[in-house]
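Below you'll find the structure, written out as structure tokens, and then a few comments.
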Amino acid sequence: MQLYFSASISKDQANRIVLKGPEGKIWRPQLDSQEEVSHVSFKGPFPENGNFSIELPTGLKDMTGRPLINADKFPLSVRTEAYPPLAKFSARFGIVELKPEPVLPVTLRNLEPEVKAKMLKTDQEEGILGKVIGKFLNVQTEKGESVQVWLRKVASASRDKSIFSEKEGSHRF
């Protein structure tokens, strides 16, 4: 959550602004190192469907000494809504183990009570997904060090360049 001012206030005054939430929880503003502040940010996450109030220090004035024109609106009541529906994988990539039951974790929130989902085989064509292709690889125990190298490569990979395009350090399993 953020609160913007039409003119800068001192960092000291900004540090005294608080966001009060459900059950009396208090959030303090996240400020940078500047001495003059034109807005304050409160870092979430915040509880869903929660009532909050933004409280300002008494006598708040901007850097030129002008009082807040809408000081009578504070403490200001604000409210969060329900979290939006969400379906996401836990990481940018996943390792699906062959045994006992191959799975790839997914987080679901606020979706219909019964999610209509399908299990797809790696070589099966299905709807808008096009062709889903995968490879099975059995890594021998003595070559486990190579797995770490590839996991680091995959973790730092971008979508615009193949991790296989680099010739240096060719690692094989």
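Quick note: the coordinates plus some simple rules give every number you see, no bench work behind them. Keep in mind that what you see is a predicted model, and the values were worked out from it rather than measured. FYI the Cβ positions are ideal-geometry reconstructions off the backbone, even for glycines, and counts take in every protein chain you see.
Numbers at a glance
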quantity	calculated
Ranked packing of 76-87, 8-19, 29-40, most packed first, by mean Cβ within 10 Å	8-19, 29-40, 76-87
Using a Förster distance of 35 Å, the FRET efficiency for Ala82-Val154 (Cβ separation, nearest 0.05)	0.50
Length-normalised contact order of the stretch 1-91 in % [C-alpha pairs under 8 Å, at least 6 apart]	30
Rounded if a/c under 1.5, otherwise prolate or oblate - the stretch 1-67, Cα gyration tensor axes	prolate
Inter-site label distance for Val115 and Glu36 at 7 Å from Cα along Cβ, in nm	5.0
Förster radius 45 Å - calculated FRET efficiency between Lys11 and Ser162 (Cβ-Cβ, nearest 0.05)	0.45
Net charge contributed by nearby residues that have their C-beta within less than 14 Å of Ser33 (K/R +1, D/E -1)	-3
Förster radius 35 Å - calculated FRET efficiency between Ile26 and Lys73 (Cβ-Cβ, nearest 0.05)	0.95
